[in-house]
Amino acid sequence: MKKQAAAPAKPDIENLTAKKFSQTIRADYSLFLPRDYKSSAKKKWPVIVFLHGAGERGVNIWKASTHGPTKYIEKHPDFPFILVTPLCPPDHKWSDEAVLGILDKVTADYAVDTNRIYLTGLSMGGYGTWSLATTYPGRFAAIAPICGGEGNIGIVLALYEKGVKAQALKSLPLWAFHGGKDTTVVADESKRMVELMKKAGCKEVELTVYPEATHNSWTETYNNPKLYEWFLQHSLE
């Protein structure tokens, strides 16, 4: 009999908790609060929303932290962001409504700097990042999709051609990442999306392709402190 893999355990991180959220679909999430976070203080904190890949879908909230910024926090406990990590239910894809519902809940309940909310995700979460950010470009100060694809190109083209939300899209900074030898989601997917964003007038667009990387282009990306420094350079105001 094949031995069943152990269920993912909670990472050994202070101020990391599991939260429940239900809307049209149940979408629980984990929440990390910075070491110096105090609910009574006037300080507002930047937020990173992280969307995991298809392999992490399920009912165990800690599976969502298999990859991504949580792994960075394990080695850098002074992480200066609130981290929101939703869990996508089995057999679903990312729902803009569910993610925004969780974000609105966190914004209402915690000391969030609403001008410094950042969005990132890998693989299926990369697609989710493209979709959410291009549909609601005014919600995020910067985005970093990793090995994602074209997302909802129709929406982006409509924004460009009709001018709807055009200014928000043009001022949305993005830094995309992909593996040059990725056969799961080929790098041309990110390249096409980046070119489309440039066509839409997006002023700050960067694409990093790791020449030797396959589908896992996220480990190198999330291990790099420059990503988090780049996020903090951007604000809606």
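Taking residues in segment 185-212 that are within 17 Å of Thr135 (Cα to Cα) and without any contact (Cβ under 8 Å) to a residue 40 or more places away in the chain, and partners anywhere that are among the hydroxyl-bearing types (Ser, Thr, Tyr) and part of a helix (DSSP H, G or I), the pairs with Cβ atoms closer than 9 Å and at least 6 places apart or on different chains are Lys199/Tyr160.
Contact annotation: residue pairs with Cβ atoms under 6 Å, 6 or more positions apart or on different chains, pairing a residue in segment 225-237 that is within 15 Å of Lys203 (Cβ to Cβ) with a partner that is assigned to a loop (DSSP other than H, G, I, E, B) and not aliphatic (A, V, I, L, M), are His234/Pro173.
Looking only at residues in segment 174-193 that are farther than 20 Å from Gly68 by Cα and in contact with a strand residue (DSSP E or B) (Cβ under 8 Å, 6 or more places away or on another chain), the one that is surrounded by the most Cβ atoms within 10 Å (Cβ to Cβ) is Met193. Give the residues of segment 150-181 that are closer than 17 Å to Ser217 by Cβ and of a type in the set (Phe, Trp, Tyr), sorted by residue number. Trp175, Phe177, listed by residue number. When segment 185-211 is filtered for residues that are touching a Pro at 6+ places or on another chain (Cβ under 9 Å), of a type in the set (A, V, I, L, M, F, W, C) and part of a loop (DSSP other than H, G, I, E, B), only Cys202 remains.
Readers should treat all values here as calculations from the given coordinates under stated rules, not as data from a laboratory. All figures in this text were calculated on a predicted structure; none of them were measured in a lab. Positions of Cβ are backbone-derived with ideal geometry, glycine not excepted, and every protein chain shown enters the neighbour counts.
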